[in-house]
Structure formats: structure tokens, C-alpha cells
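Here's the structure, in C-alpha cells; my notes come after.
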Amino acid sequence: MADAVIVVALLLVAASATAAVAVRDPVRQALVLSVLGVVLAVLFTVLQAPDVGLSQLAVGSALTPLLLLLAVHKVKRRGRDPEKGPRR
């Protein structure tokens, strides 16, 4: 039974990692990366590493996608400002 759960978790990791690479929109990539972080946290918990799973849950599914979304927002906002012109 435990082997089946590990195989399912590994298949979910492979599917979500492939989706993260295949998506082109940066905002959607950040959201898929968040899903990948949750799936990896589940995998680590299934593999009896709950401390690594909690760290992955905090960093991989919350902090990293949030930083990516903030960076994308800042770049899009800077690119739309016609008054400033290009930076030198």
C-alpha cells in the first residue's frame, strides 16, 4: 500500500514539474510552481521526512512563488510606464 502511495506522489511530482516547464505565462508558472511545492511536500511526508515536507511547504509553495509574482508585477509595471522611458 505504501509503495502505491509513493508511486502516485512521484507521478504527481512529474506531472506538475512538466506543467511548470510547459506553461509560458509567468503568473501561471508561479501558480504551477506553488502546486509543485505542495506536491513535493506531500511526497516528503510520505517518505517519512515531515521536517523537510514542512520546509518545502513554507518555501517551495509559498515564499518562492510569492517572490516570483512580486518580481513579475514590478517588471510589468515598469514596462508600462511611458513617461519614464528606458533606464540607462
Residues (farther than 20 Å from Ala9 by Cβ and either among the β-branched types (Val, Ile, Thr) or free of Cβ contacts under 8 Å to residues at least 24 places away in the same chain (or both)) located in the stretch 23-63: Val23, Arg24, Asp25, Val27, Arg28, Leu63
Of the residues in the stretch 6-32, those that are within 22 Å of Leu47 (Cα to Cα), open to solvent by less than 60 Å² (accessible area, probe 1.4 Å) and not small (Gly, Ala, Ser) come to Ile6, Val13
Of the conditions (1) open to solvent by less than 80 Å² (accessible area, probe 1.4 Å); (2) at pLDDT 95 or above, Ala2 fails just one. Which one is it? (2)
Please specify each residue of the stretch 15-53 satisfying the condition of being of a type in the set (S, T, N, Q) and part of a helix (DSSP H, G or I). Ser16, Thr18, Gln29, Ser34, Thr45
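The values are calculated or read from the model by the stated rules, or taken from the named source; none is laboratory data. Being a predicted model, the structure only gives us computed values, none of them experimental. Glycine also receives a Cβ, built like all others from the backbone with ideal geometry; neighbour counts cover every protein chain displayed. Remember, those area values only see protein heavy atoms, side chains included, never the ligands or the DNA or RNA. Shrake-Rupley method; radii C 1.70, N 1.55, O 1.52, S 1.80 Å.
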